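Presented below is the structure to which this report refers.
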Amino acid sequence: MKLRRSMLFVPGSNTSMVCNAFVYRPDTVMFDLEDSVAIEEKDSARLMVYHALQHFTYEDIETAVRVNPLHSIYGLLDLEAVIRAGVDIIRLPKTDTVEDVLQMQEVIEKIEFKIGTDKRTKLLAAIESAQGVVNAVDIARCSDRLMGIALGAEDFVRDLHTQRTKAGSELMVARAQILLAARAAKIHAFDSVFSDVRDKEGFVKEANYIKDLGFDGKSLINPNQISVLHKIFAPSGDDVEWALDVIEASDNAKEKGLGVVSIDGKMVDAPVIARAQWTLELAKASGMLGGDE
Amino acid sequence: MNKIKKRAYAGTLESSDAFIEIEPIEEDEIRIELQSSVEEMYGDDIRDLIAKVIKEMDISYISVRVQDKGALDYVIKARLQAAILRANDDKKIKWDKL
Amino acid sequence: MDSSVSFSDFDFTNARRVKRVEKFLNTIGLDFPSSIENFVIAKDGNELIACGGLDGKVFKGIAVAPRRRGEGLILSIMTRLINIAYSKGIKDLFIFSTPNNIELFEGCGFKLIENCDNEIMLMENNDNLANYKNILTKERRDGNVIGSIVMNANPFTLGHQYLVEQAAKKSDWLHLFVVKEDLSEFKFKDRFELIKKGVSHISNVTVHEGSDYIISNATFPTYFIKDKGRINELHAKLDLMVFRNHLAPALGITHRFVGTEPYCVVTNNYNKNMKKILEDPDGKSNPIEVVEIQRVEKEGRAISASRVRELLRVKKFDELEKIVPATTMKFLKNM
């Protein structure tokens, strides 16, 4: 079960960030070739990301690339480059409809076939408009390549004729819809970036809020936010104890060949076990079980 | 061997990056002018890398000027390839050569 | 790595933003160079934290807010400035700046030409000065007194001709440099031709095309607005230092001749400065003697190029005839 608490946004034109992002150990590094890259740097940033993806520093870290839209002259070139370079996930810019996803999927399939790779590139759809939010349920279940959907708040609030606020009420509906759509389709849900890098308190508040809502993680633009976010996502000691008990009971049941797992005389079903595994993954990643952090 | 069509450049002068300028020349040679913050330790390696990337792209008759700010190998490679593709206005990219 | 810093560029038509740059430079104690065409700025949020400009082939006004120094902002500004210059097809570039960041600029591929008493410095991104010095060296002549004159001659008058004749008489050989920058009413090509024709009767003079290194927009930007009485002393100093330390040694120049300017305070000050800098016995190259030559007068008035331009405007050719050589007259009549 892949943890995706933090997805670090790395502008493809910012070389020092491209080269150093792995140091901060985000769950996923997301190289951007779209909005953060100026028109005249598109070609150069594409090559940079193409090589970075193949570098050993990104071997054991999940990588995503936000490509330019297919209707632009850069979209196809971006895909040709990053799929060859073995990217894990393509983040679709601005997904409004199911067709947007299917069209992208078709192009990716063609490229994968052409270069003869076995790798199935995953998709992440960014929902950044009212239309996208309305279609979120259909979008979330339209492709088995889709590993998640993400809210892109900046464009969304503009489309909604409002702006971002500290309280975040403007995103209430979109967050709820995206989360429900993702959960119903059994894929991941990601929250938008928190853009005021100086407001640490505000970030902590928002991160806690989206975690409680049920989001899997959040896009980040500042590497310093990663450890903060991971701490917030770390399970409590009680949760870990509970999860350890559940897994132990499950392992015992398996050993004894029992079809039913129970703790303290109560039956434990598969989703609960899955949840316990997830909690232990989180605990491990948070260094609570001698994990890697 | 191929010549490049015109003068071109790519990259930045920022830390961890490289700024690379290339120019066609009349002589069949790869002329490299390198200024690097890590010249003493890696100067020769960087020059070798530059020559290798240029040869892989079937280019000759070229003068290269590099301001290196401690860039990783792949950064230099990316910037140099970007400059060469720009110099030739190459729209059809031969990915297996990059 | 700080993602809150954003960069933008714009040109001189963007009055509001230009005003902001001017204010920014003033708050950190720097003059705003008025002739910048393209600007690059760095902002943190809405606060301006660094800037730089391009004037022709010269980068100037490069500055970073004191509390943001050491973050590498200059390198980002320089990258963007170079991109702008290159995209305009300008390849040979200069930096005109206070000498705080020489090493950083060297890391951008620039070489120091001259550092003027740690007040102002000039750098370039190529070997053009070395090449130019090599070309000049080939024009070297033997002699005890190797004279020099630098003139714009906008256009060439009897006054200029008199100055050259007098200087040639006092010299074994005379090197005459013609300001190359095309910022005057008469184009370089025409000014150069009129000088050549006007001194053709003198046997010991070489007329040189000027360059970026002698009264140019790079070495001496305010020279070209001297009519406004605003020659910047620092600029003058830089120009004279480049002349003394680079050009004069290449030709073995021992003397520089200038016309006196009885009425022009600006030129007078410039001549005074010239004496101070070129004759200074402690310089890093041989001192050069400055010789002032009394201006020739006609009917109680000094002959000047500005008078010629004035008469030309009102088409008083009979008056013009009295103050320009026949060669110049012929040209003016055909204009």
Got a sec? Which of B:ALA10, B:ALA78 is under 21 Å from A:ILE39 (Cβ atoms), out of contact with any Leu (no Cβ under 6 Å at 6 or more places or on another chain) and among the small types (Gly, Ala, Ser)?
B:ALA10
When segment A:178-227 is checked residue by residue, the ones that are among the aliphatic types (A, V, I, L, M) and within 14 Å of chain C (Cβ to nearest Cβ) are A:VAL193, A:VAL197, A:LEU220, A:ILE221, A:ILE226
Give the residue, chosen from C:LYS284, C:LYS196, C:LYS187, C:LYS180, that is within 28 Å of C:ASN134 (Cβ to Cβ), within 12 Å of the chain's Cα centre (by Cα) and basic (Lys, Arg).
C:LYS180
Considering every residue within segment B:41-56, establish whether at least one is open to solvent by 20 Å² or more (accessible area, probe 1.4 Å) and assigned to a loop (DSSP other than H, G, I, E, B).
no
Failed criterion for C:ARG301 (all others in (1) surrounded by 14 or more Cβ atoms within 10 Å (Cβ to Cβ); (2) farther than 23 Å from C:ASN232 by Cα hold):
(1)
Quick one: which residue in A:ILE115, A:ILE89, A:ILE83 is surrounded by fewer than 18 Cβ atoms within 10 Å (Cβ to Cβ) and either closer than 18 Å to A:MET30 by Cβ or of a type in the set (A, V, I, L, M, F, W, C) (or both)?
A:ILE115
Could you check segment C:32-56 and list, in sequence order, the residues that are without any contact (Cβ under 8 Å) to a residue 60 or more places away in the chain and within 19 Å of C:THR222 (Cβ to Cβ)?
C:PHE32, C:SER34, C:ILE36, C:GLU37, C:GLY53, C:LEU54
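For every residue, the table says whether it meets (1) surrounded by 14 or more Cβ atoms within 10 Å (Cβ to Cβ); (2) under 18 Å from C:ARG244 (Cα atoms).
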| site | (1), (2) |
| --- | --- |
| C:ASN125 | yes, no |
| C:LEU129 | yes, yes |
| C:THR137 | no, yes |
| C:SER148 | yes, yes |
| C:LEU163 | yes, no |
| C:ALA167 | yes, no |
Output the number of the condition that C:PHE192 fails; it satisfies all remaining conditions of (1) open to solvent by less than 20 Å² (accessible area, probe 1.4 Å); (2) within 19 Å of C:LYS330 (Cβ to Cβ); (3) not in a loop (DSSP other than H, G, I, E, B).
(1)
Out of all the residues in segment C:272-307, which are under 14 Å from C:GLN161 (Cβ atoms) and assigned to a helix (DSSP H, G or I)?
C:ALA305
Every residue in segment A:61-86 that is away from chain B (no Cβ under 14 Å) and more than 16 Å from the chain's Cα centre (by Cα), please.
A:ASN68, A:PRO69, A:LEU70, A:HIS71, A:SER72, A:GLY75
Which members of segment A:14-49 meet the condition of being of a type in the set (Asp, Glu) and in contact with an Asp or Glu (Cβ under 7 Å, 6 or more places away or on another chain)?
A:ASP27
Test: A:SER36 is over 18 Å from the mean Cα position of the chain (by Cα), under 20 Å from A:LEU220 (Cβ atoms), within 12 Å of chain B (Cβ to nearest Cβ) and open to solvent by 10 Å² or more (accessible area, probe 1.4 Å)
no
Taking the residues in segment A:5-25 that are within 11 Å of chain B (Cβ to nearest Cβ) and surrounded by fewer than 20 Cβ atoms within 10 Å (Cβ to Cβ) as candidates, determine which candidate is farthest from A:MET48 (Cα to Cα).
A:ASN20
Which of (1) under 26 Å from C:ILE146 (Cα atoms); (2) open to solvent by less than 100 Å² (accessible area, probe 1.4 Å) is the odd one out, the single condition C:PRO281 does not satisfy?
(2)
Could you tell me whether any residue of segment A:228-239 is of a type in the set (Ser, Thr, Tyr), exposed (fewer than 15 other Cβ atoms within 10 Å of the Cβ) and either modelled with pLDDT of 90 or more or at positive phi (or both)?
yes
Counting just the residues of segment C:57-78 that are within 14 Å of chain B (Cβ to nearest Cβ) and touching a residue at least 60 places away in the same chain (Cβ under 8 Å), which one comes out nearest to the chain's Cα centre (by Cα)?
C:ILE77
Here is a check on your reading of the model: is A:ALA136 open to solvent by less than 10 Å² (accessible area, probe 1.4 Å), on the phi < 0 side of the Ramachandran plot and modelled with pLDDT under 95?
no
Filter segment A:64-77 for residues that are surrounded by 23 or more Cβ atoms within 10 Å (Cβ to Cβ) and in contact with a helix residue (DSSP H, G or I) (Cβ under 6 Å, 6 or more places away or on another chain); the one that is nearest to A:ILE39 (Cα to Cα) is A:VAL67
Which number in (1) closer than 24 Å to C:ILE74 by Cα; (2) touching a helix residue (DSSP H, G or I) at 6+ places or on another chain (Cβ under 9 Å); (3) of a type in the set (S, T, N, Q) marks the one condition that B:SER60 misses?
(1)
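Here's the yes/no breakdown for (1) open to solvent by less than 10 Å² (accessible area, probe 1.4 Å); (2) in contact (Cβ under 8 Å) with a residue 12 or more places away in the chain:
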| site | (1), (2) |
| --- | --- |
| A:LEU151 | yes, yes |
| A:HIS161 | no, no |
| A:SER169 | no, no |
| A:LEU179 | no, yes |
| A:SER192 | yes, yes |
| A:ASP196 | no, no |
| A:TYR209 | no, yes |
| A:ASP212 | no, no |
| A:GLN225 | no, yes |
Would segment C:96-104 turn up any residue that is at the interface with chain B (Cβ under 10 Å from one of its Cβ atoms) and of a type outside the set (D, E, K, R)?
yes
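Per-residue answers, yes or no, for (1) under 17 Å from C:MET121 (Cα atoms); (2) open to solvent by less than 20 Å² (accessible area, probe 1.4 Å):
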site: C:LYS43; (1), (2): no, no
site: C:CYS51; (1), (2): no, yes
site: C:PHE59; (1), (2): yes, yes
site: C:GLU71; (1), (2): no, no
site: C:ILE74; (1), (2): yes, yes
site: C:ARG80; (1), (2): no, no
site: C:LYS91; (1), (2): no, no
site: C:PHE94; (1), (2): yes, yes
Kindly indicate the residue of segment B:17-33 that is over 20 Å from C:ASP92 (Cβ atoms), open to solvent by 20 Å² or more (accessible area, probe 1.4 Å) and of a type outside the set (Asp, Glu) and also farthest from the other protein chains (Cβ to nearest Cβ) among those meeting that condition.
B:ILE30
Of all residues making up segment B:1-16, the number that are within 12 Å of another protein chain (Cβ to nearest Cβ), open to solvent by 60 Å² or more (accessible area, probe 1.4 Å) and aliphatic (A, V, I, L, M):
0
Condition check: closer than 30 Å to B:LYS77 by Cβ and surrounded by 17 or more Cβ atoms within 10 Å (Cβ to Cβ). Does A:ASP155 satisfy that?
no
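The values are calculated or read from the model by the stated rules, or taken from the named source; none is laboratory data. Because the structure is predicted, anything quoted here is derived from the model rather than measured. Please note: Cβ atoms are built from the backbone with ideal geometry, for glycine as well, and neighbour counts cover all protein chains shown. Surface accessibility is based on the protein's heavy atoms, side chains included, excluding ligands, DNA and RNA. Shrake-Rupley method; radii C 1.70, N 1.55, O 1.52, S 1.80 Å.
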